[in-house]
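Comments concern the structure below.
The values are calculated or read from the model by the stated rules, or taken from the named source; none is laboratory data. Bear in mind that the values here come from a model prediction, so they are computed numbers and not experimental data. When we count neighbours, we look across all protein chains shown, and the Cβ atoms used for this are built from the backbone with ideal geometry, even at glycine. Quick note on the areas: whole protein, heavy atoms, side chains included, nothing else; ligands and nucleic acids left out. Shrake-Rupley method; radii C 1.70, N 1.55, O 1.52, S 1.80 Å.
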Amino acid sequence: MREIFARMAELEREGRRFAVATVVRTTGSTPQVVGAKLLVDDLGRLVGTLGGGCVEGDAFVEAKHVIESGEPSLREYELTEDLAWDTGLVCGGTMWISIEPGERVLRFAGRDLLGDVLAASAGGKPVAVATLMRKRGKDVIAAGKLFVETDAKGGGTLGDNALDARARAAAMETLRQGTARTVVLDEATELLVEPVLSRPRLIIAGGGHVGLAIAKLGVQLDYDVTVIETMPIGWNSFVIVATRGHKLDSHCLRAAVKTDARYVGLLGSKRKTILIAQMLRGEGIPEYRIRAVHAPVGLDLGGRTPAEIALSVLAELSVERYGGSGRPLRLSDEIFERTIGVTKRE
């Protein structure tokens, strides 16, 4: 998102026209998630992705029409077997892609939000944009927008006070989670809520073998990684305490739980976790902050090497960051039997 917003600002300064395509709704398995974006300018240059293949190719052509006409478009793409034959998109789901001319993407309620989202993506105050989607038969139309900031301020309306209140509450919750999502309001109405915030910062207190492995994997997973002892820590920060000893761990953890970090994890044994928790409790650290610490940090994947421990830690961070369950994705025997007619014995 940061690159797309920055490119929008560049194109506006240059006086160039552009369009932005956004995945606003999905059902089933799709190559991209709700909130994915592709920017197309009047020279055919692209930033972002909708998942590739002919869907993205068609969206590119449609975006060129939107640039010329100045009128928005919303199209449905069913990823059928026929489509998969030509493109390899063997997903079986359906995507709805909205394409808006550049001058309408972030301008509403008498305010241009481009400066706000650029600041949010660079570490400033997060912003969430809620778009009302109404279903008419198989079609979906955008029927209003509003925006919300972390202090519950904002602007715009969806045309109904009660609906605005529900949208603002959903936007605030999405800001806390940090990822775009669709909220079903009723059978005919949904909200696309898109939060804009900076890249999450991963702070690792301790630069040993495990700390180094966590840092390397964190970079690959798009965290802004820092391995130091102290620094300003905001809400969108994930702190991992992995120093060389109990005493240093307790010092770092004491400092970490006093910050606004959304995630604090402590590497080590269950015994160390209990000892340090007792120490912090004795120092008057509130119980809710102690219990909020992920300790011992990580998911039980069974590995023991630094790289395997790092994978365990980052897997838990991903669950926290995206709201996943941590359960296996494999299809159950029941689904195989129901959809394919093949039993486990066969």
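Which order do Glu68, Glu56, Glu337 take when ranked by solvent-accessible area (1.4 Å probe, heavy atoms of all protein chains), largest first? Provide the component values of the computation, followed by the final result.
On the way: Glu68 130, Glu56 30, Glu337 85 Å².
From most accessible down to least: Glu68, Glu337, Glu56.
For the chain, what is the relative contact order in percent, using Cα pairs closer than 8 Å and at least 6 residues apart in sequence?
Relative contact order comes out at 11 percent.
Starting from the coordinates of the alpha-carbon atoms of the stretch 297-337, obtain the Kirkwood hydrodynamic radius over all distinct pairs and give the value in Å to one decimal.
Value: 11.5 Å, from the Cα pair sum.
What distance in nm separates the two pseudo spin-label positions at Glu14 and Gln278, each 7 Å out from Cα along the beta-carbon direction?
With each label point 7 Å from Cα toward Cβ, the separation is 6.4 nm.
Below 8 Å, C-alpha to C-alpha, sequence gap of six or more: please give me the relative contact order for the stretch 259-338 in percent.
Once normalised by length, the contact order is 27 percent.
So for the chain, if I pair up every lysine 8 or more residues apart or on another chain, how many of those pairs have alpha-carbons under 16 Å apart? Numbers along the way, then the final one.
Working: Lys37/Lys64; Lys125/Lys153; Lys135/Lys145; Lys145/Lys153; Lys247/Lys270; Lys247/Lys272.
Eligible lysine pairs with Cα atoms under 16 Å apart amount to 6.
Where the centroid of each part is defined by its Cα atoms, how far is the stretch 236-278 from the stretch 3-65 in Å?
41
For Ile309, Ile97, write out the residues from largest to smallest accessible area, computed with a 1.4 angstrom probe and no ligands counted. Could the numbers behind the result be given before it?
Numbers: Ile309 45, Ile97 0 Å².
Putting Ile309, Ile97 in descending order of accessible area: Ile309, Ile97.
Quick one: ranking Met172, Met95 by accessible area, 1.4 Å probe, largest first, what do you get? Intermediate values should be presented prior to the final figure.
On the way: Met172 45, Met95 0 Å².
From most exposed to least exposed: Met172, Met95.
Can you list the HN-Hα couplings for the stretch 120-133, worked out from phi with the Karplus curve (6.51, -1.76, 1.60; θ = phi - 60°), rounded to whole Hz and with x for Gly and Pro?
Values, residue by residue: 5, 6, 9, x, x, 5, x, 9, 10, 10, 10, 10, 7, 10 Hz.
Give the calculated FRET efficiency between Gln220 and Ser332 to the nearest 0.05, with a Förster radius of 35 Å applied to their Cβ-Cβ distance.
0.70
Counting pairs of alpha carbon atoms under 8 Å apart in space and at least six apart in sequence, what relative contact order in percent does the stretch 190-346 give?
That works out to 20 percent.
Order of 8-17, 42-51 by packing, highest average Cβ count within 10 Å first?
On the way: 8-17: 13.5, 42-51: 15.5.
The most tightly packed comes first, giving 42-51, 8-17.
Just the C-alpha atoms of the chain: what Rg/Rh do they give, with Rh taken as the Kirkwood radius?
1.02
Stokes-Einstein at 10 °C, 1.306 mPa s, Kirkwood radius from Cα pairs: D for the stretch 195-243 in µm² s⁻¹?
D = 146 µm²/s.
Could you identify which residue out of Ala170, Ala315, Ala130 has the top mean-square fluctuation in a GNM of the chain using Cα springs shorter than 10 Å?
For the chain, modelled as a Gaussian network with Cα springs under 10 Å, the answer is Ala315.
Which order do the peptides 23-36, 154-167 come out in when sorted by mean C-beta neighbours inside 10 angstrom, highest first?
23-36, 154-167
Based on the Cβ-Cβ distance from Ala255 to Glu78, what FRET efficiency comes out when R0 is 45 Å, to the nearest 0.05? Please list the in-between numbers first.
Values: r = 52 Å, r/R0 = 1.16.
Result of the calculation: an efficiency of 0.30.
Summing -39500 (n - 2.57) over the DSSP H runs of n ≥ 4 in the chain and dividing by its residue number, what mean residue ellipticity at 222 nm do you reach, to the nearest 500 deg cm²/dmol?
Dividing the helical sum by the residues of the chain leaves -11500 deg cm²/dmol.
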